[in-house]
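Novice: Can you read through this structure? Questions will come right after.
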Amino acid sequence: MLVENGEIEKQETLKDTFNKYLHPDAIDKESKEVYKILGNDTTADIFQFSTDLARDAITKVKPSNLIETASVNSLMRLMSDTGEQPIDTFVRFKNDISLWYQEMKDYGLNESEIEVMEEHLLILNGISESQENIMTITMDKRVAGFSVKDANRLRKIIAKSNRDAVADMKQYFMDSGLKLGNRQEILNYVWNVQVFRQLLYSFSTLHVIPYTLVALQEINLNLHYNPIYWQTACLTVNSGGMDDEEEAIKKQSSNYGKVAASIGEMQERNVKVSLPNINKAGFGFTPDIENNAIIFGLKGLVGVGDDAVHTIIQNRPYTSFSDFLTRLHTTKLLKNGHVVQLIKAGCFDEFDSRINIMKQYVNHTFAPRKNLTLASFNTILQLGNDILPDELSINVRYYRYRQHIYKHSIGKSPDRKTKNRLFLLDNISTEFLYEHFSESCIVDYDENTSLPIVAEWLFEKEYDKKMEVVKEWLTQESTLQLVNDKLYQEEWDNTTKNESMEAGEMSSLSYYYTGHELEHLDTEKYDISNFSELSEEPIPVRDFQYKGQTRHEYQISRLAGTILDKDKNRHTVTILTTDGVVVVKMYAGAYSHYSRQISERGANGKKTVIDKSWFNRGNKALFVGFRRGNQFVLRKYRNTIYQHTIALIDDIDENGDLSLTTERVNMD
């Protein structure tokens with residue numbers, strides 16, 4: 001993109017281009033602007049710093065140089081089972097380095113020993129963050145004087161988190177240091193503080209420095225060129241769409257959930273994602289430098305597919321929606337579903353309003369009835385009883401009576417070639433026959449039940465006479481118009497699914513362009529909070545004992561959002577609230593309960609879905625829990641006013657009132 005738009009000059013080879021603009025020696029690794037972008041988390045999808053944990057760590061530390069950034073990259077992987085997390089200790093020492101000196105003094109280190117630690121750790125704010133750093137400390141003769149072999153053995157124990165070997169290594173470390181005449185105090189400090197942190201699993205400098213340099217390369221792309229290029233590239237990769245033909249042919253499937261979450265995050269960063277114009281949108285996402293926006297890529301559209309996208313691009317330009325239909329739909333190059341998704345995505349907004357475009361499409365596909373006969377009567381009945389005059393209600397009963405008895409043929413009359421079936425009536429149909437028909441159609445009685453047997457040709461004569469009034473009604477022009485109006489409405493409902501414009505955008509684009517469906521929700525009535533306004537750390541309101549341990553009960557809040565994505569391994573769902581993108585974390589059991597699709601097996605052995613997964617993309621729901629960092633933890637307690645942690649939103653009316661489902665279908 002940078003080459004295509006003249007931002008950088010293409011060199012003789014791709015490698016030469018990379019070396020000139022992005023080689024680690026060519027990028028800016030020093031300026032405050034680089035680390036301001038990183039520390040303020042203003043850019044999405046930075047390598048190794050895109051997860052919630054990493055983003056939380058980088059914003060806490062706000063590194064000011066390569067070494068600090070590499071330290072964050074390593075320390076954020078260390079997790080303590082108890083007490084302060086290593087990354088938090090790093091931040092505390094960075095903000096007040098005297099606290100590190102106090103830590104060493106508390107361990108009894110003297111001035112010369114503190115100077116030894118300064119040589120190894122001052123640049124790291126007093127925290128050993130890598131395997132190699134621990135190796136150099138333990139090899140120092142003022143500590144343990146390890147050989148390279150000994151230090152590497154310690155590194156392997158750390159790398160593999162081999163706890164069985166830790167005790168032996170600790171004793172060897174202590175003995176080695178004491179033999180050199182070093183004090184127990186410095187040995188205790190190095191092992192119990194610096195080595196102990198690494199036992200939780202530390203990173204190698206051979207990994208962390210290259211990883212960090214990749215992150216800085218990406219920051220440089222955002223610093224020296226319009227960030228819209230980087231954001232566009234991220235969306236393209238996330239959707240599986242690539243610009244060059246070779247990659248396009250691979251037909252990577254779009255990860256719509258990832259696309260939705262990525263776009264939501266970018267919108268949260270005030271990055272504009274424009275609708276996919278049918279004449280301008282590319283296969284993947286493309287930068288619109290003039291408007292400082294990203295044009296949504298056709299590859300990212302739900303339910304369209306690569307082949308349809310290539311067909312659209314190859315046949316451009318289109319002068320009107322009618323021109324598009326004539327060339328691609330009438331010729332059956334595109335299916336109905338493709339066109340509907342394109343309309344919902346706003347691809348034709350340059351030609352007319354979306355509602356008018358949809359009307360044009362339904363007018364194009366709808367085939368009105370030219371005449372009506374008695375054969376059309378069943379179709380008419382399916383349109384609703386309100387279409388029929390009251391005086392024809394008895395004829396509806398005649399029609400359905402005929403359908404019923406014709407299901408019970410017991411043979412054919414040998415004396416006739418047509419309309420020769422014989423029907424055995426049951427008790428109910430016999431009673432109806434005697435009440436509304438003559439007995440002239442009865443040709444015999446069943447010898448076992450004494451119930452009448454009706455001949456088709458005789459019944460049809462009387463039935464046809466009774467239905468003459470219906471035939472006459474069907475020939476009226478007003479009836480034809482009424483039926484066509486009903487059929488058109490049915491076609492419209494089936495095509496649009498009565499979705500709002502916003503819902504249509506979510507189902508086709510995986511994001512909202514016009515506005516969030518829950519914007520008009522009565523937040524006060526349903527006690528809905530903004531995630532950004534919640535305390536970043538949960539607020540304890542009560543302590544209780546559980547299995548001999550003191551636990552905290554936290555203040556509970558409620559969020560409302562649209563499901564964007566789900567992760568069965570992390571037991572999370574990503575939702576889009578009116579406030580931005582939020583990751584909701586839950587226990588495995590809760591995730592399984594709400595995520596599963598519930599089916600029942602019918603008498604024919606086939607499964608029928610009776611309750612779809614609540615975590616399907618586009619579903620809207622209420623979530624109960626508390627905020628912890630950048631995540632919302634699903635939780636409720638016995639005294640919580642809400643009985644359920646999740647409530648599915650079925651509908652929201654014009655007043656902002658909700659129709660909710662709180663229970664999954666019970667199959668017990």
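The values are calculated or read from the model by the stated rules, or taken from the named source; none is laboratory data. Only a predicted model underlies this, so the values are computations on that prediction, with no experimental measurement involved. Positions of Cβ are backbone-derived with ideal geometry, glycine not excepted, and every protein chain shown enters the neighbour counts.
Novice: Run E537 past the list (1) over 23 Å from A260 (Cα atoms); (2) assigned by TED's automatic domain parsing to the domain that holds G629; (3) among the acidic types (D, E); (4) surrounded by 12 or more Cβ atoms within 10 Å (Cβ to Cβ) and report the number of the one that doesn't hold.
Specialist: That leaves (4) as the condition not met.
Novice: Any idea how many residues of region 332-354 are within 13 Å of T365 (Cα to Cα) and among the β-branched types (V, I, T)?
Specialist: Summing the residues that are within 13 Å of T365 (Cα to Cα) and among the β-branched types (V, I, T) in region 332-354 gives 2.
Novice: Test each condition in (1) at pLDDT below 95; (2) part of a strand (DSSP E or B) for N448 and report the one that comes out false.
Specialist: (2)
Novice: Let me ask you something else. Taking H364, is it more than 19 Å from L298 (Cβ to Cβ) and in contact with a helix residue (DSSP H, G or I) (Cβ under 7 Å, 6 or more places away or on another chain)?
Specialist: Yes, satisfied.
Novice: Would you point out the residue of region 125-153, among those that are touching a Ser or Thr at 6+ places or on another chain (Cβ under 6 Å), among the aliphatic types (A, V, I, L, M) and part of a helix (DSSP H, G or I), that is surrounded by the fewest Cβ atoms within 10 Å (Cβ to Cβ)?
Specialist: A151
Novice: Right, another one. Could we say that R635 is free of Cβ contacts under 8 Å to residues at least 12 places away in the same chain and in contact with a strand residue (DSSP E or B) (Cβ under 6 Å, 6 or more places away or on another chain) here?
Specialist: Judged against the criteria, R635 is not a match.
Novice: A follow-up question, please. Residues to consider are T572, T662; find the one that is closer than 22 Å to D56 by Cα and not small (G, A, S).
Specialist: Going through T572, T662 in turn, the sole match is T572.
Novice: Check every one of the helices (runs of 4 or more DSSP H) wholly within region 336-386 and list those with 1 or more residues that are under 16 Å from Y318 (Cβ atoms).
Specialist: Helices (runs of 4 or more DSSP H) meeting the threshold: 336-344, 354-365.
Novice: Oh, and also: Looking only at region 103-113, which residues are without any contact (Cβ under 8 Å) to a residue 40 or more places away in the chain and farther than 16 Å from N192 by Cα?
Specialist: Result: E111, S112.
Novice: Moving on to the next point. Could you check region 542-618 for strands (runs of 3 or more DSSP E) lying wholly inside it with 2 or more residues that are among the polar types (S, T, N, Q), closer than 26 Å to T523 by Cα and in contact (Cβ under 8 Å) with a residue 40 or more places away in the chain?
Specialist: Of the strands (runs of 3 or more DSSP E) lying wholly inside region 542-618, those with at least 2 residues that are among the polar types (S, T, N, Q), closer than 26 Å to T523 by Cα and in contact (Cβ under 8 Å) with a residue 40 or more places away in the chain span 557-567, 572-577.
Novice: Still on this structure, please answer the following. Look at region 56-80 and say how many of its residues are without any contact (Cβ under 8 Å) to a residue 40 or more places away in the chain and on the phi < 0 side of the Ramachandran plot.
Specialist: Final tally of qualifying residues: 10.
Novice: Any residue at all in region 43-56 that is touching a helix residue (DSSP H, G or I) at 6+ places or on another chain (Cβ under 7 Å), farther than 30 Å from G282 by Cβ and in a loop (DSSP other than H, G, I, E, B)?
Specialist: No, the conditions are met nowhere in region 43-56.
Novice: Could you tell me which residue of region 540-558 is surrounded by the fewest Cβ atoms within 10 Å (Cβ to Cβ), considering only residues that are polar (S, T, N, Q) and under 26 Å from I528 (Cα atoms)?
Specialist: Out of the qualifying residues, it is Q555.
Novice: Hey, G284 hits all of (1) modelled with pLDDT of 90 or more; (2) in contact with a Lys or Arg (Cβ under 8 Å, 6 or more places away or on another chain) but one; which does it fall short on?
Specialist: (1)
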